[in-house]
Amino acid sequence: MRLVDSMSVIPSRWIADLAEAWDEQFPLPMWGSVFLPGNACDDSNIRQLLKEIDTDCDEERELAEFGWQAIADTGMIAREFDGELLFGIHGAGYDFLETHWSRLYDALGYQWHTK
């Protein structure tokens, strides 16, 4: 999927180390990588989809307390760090492409596919 391929993938540990070096600590999504939008249009379009995380789960509530927001109804979360939009998936052990990336593609209204 072109949307997935256009994103930069960053190991979550790098973000944790950098945040710690800057005396800033915050929880990271469960999956071991976070993503950066590959271009300004994707960044802007994703930011327009941000909304408050609505959950009864203590883990997700903690993410929200540290500035993470839901990206529409994609199951992905995002947060700004050092002027960049980081986003990730708080889960593991299932098909991310079908569960999250395709929902992000649809939420963004992209029409790159052919029918």
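Rule-based calculations on the coordinates, nothing more; no lab input. Here the structure is a predicted model, which means the values were calculated and not measured. Here the Cβ positions follow ideal geometry from the backbone for every residue, glycine too, while neighbour counts run over all protein chains shown.
Couplings for segment 65-82, taken from phi via the Karplus curve 6.51 cos²θ - 1.76 cosθ + 1.60 with θ = phi - 60°, read 4, 9, x, 6, 10, 6, 9, 6, 10, 8, x, 9, 10, 9, 7, 8, 8, 6 Hz in order; Gly and Pro are left as x. Rounded to the nearest 10 degrees, what's the angle between the helix 12-21 long axis and the longest principal axis of the chain, both from Cα atoms, 0 to 90? Helix 12-21 sits at roughly 40 degrees to that axis.
Near SER33, the amide H atoms lying under 5 Å from its own belong to SER12; only residues 5 or more places off or on other chains count, and H is placed 1.01 Å from N.
Backbone amide hydrogens, once placed in the peptide plane, bring PHE26 within less than 5 Å of nothing, excluding anything fewer than 5 places away on its chain.
Summarising the amide proton neighbourhood of PHE81: residues at separation of 5 or more, or on other chains, whose placed amide H is nearer than 5 Å comprise LEU86. With θ taken as phi - 60° and the Karplus curve 6.51 cos²θ - 1.76 cosθ + 1.60 applied, the whole-hertz 3J(HN,Hα) list for segment 22-27 is 9, 6, 10, 10, 7, x Hz, x standing for glycine and proline. Given the options SER102, TRP22, GLY88, identify the residue whose Cα lies farthest towards the positive end of the charge dipole of the chain (+1 on Cβ of Lys, Arg; -1 on Cβ of Asp, Glu). Of the options given, the answer is SER102.
Please work out whether the chain counts as rounded, prolate or oblate from its C-alpha gyration tensor, where a ≥ b ≥ c are the square roots of the eigenvalues and a/c under 1.5 means rounded, while otherwise a/b larger than b/c means prolate and anything else oblate? Because a/c hits 1.5 or more and a/b exceeds b/c, the chain counts as prolate.
In terms of packing, defined here as the mean over residues of other Cβ atoms within 10 angstrom, the peptides 5-14, 32-41 line up highest first as 32-41, 5-14. Only helices enter this figure: runs of n ≥ 4 DSSP H residues, each worth -39500 (n - 2.57), summed and divided by the residues of the chain, yield -8500 deg cm²/dmol at 222 nm to the nearest 500.
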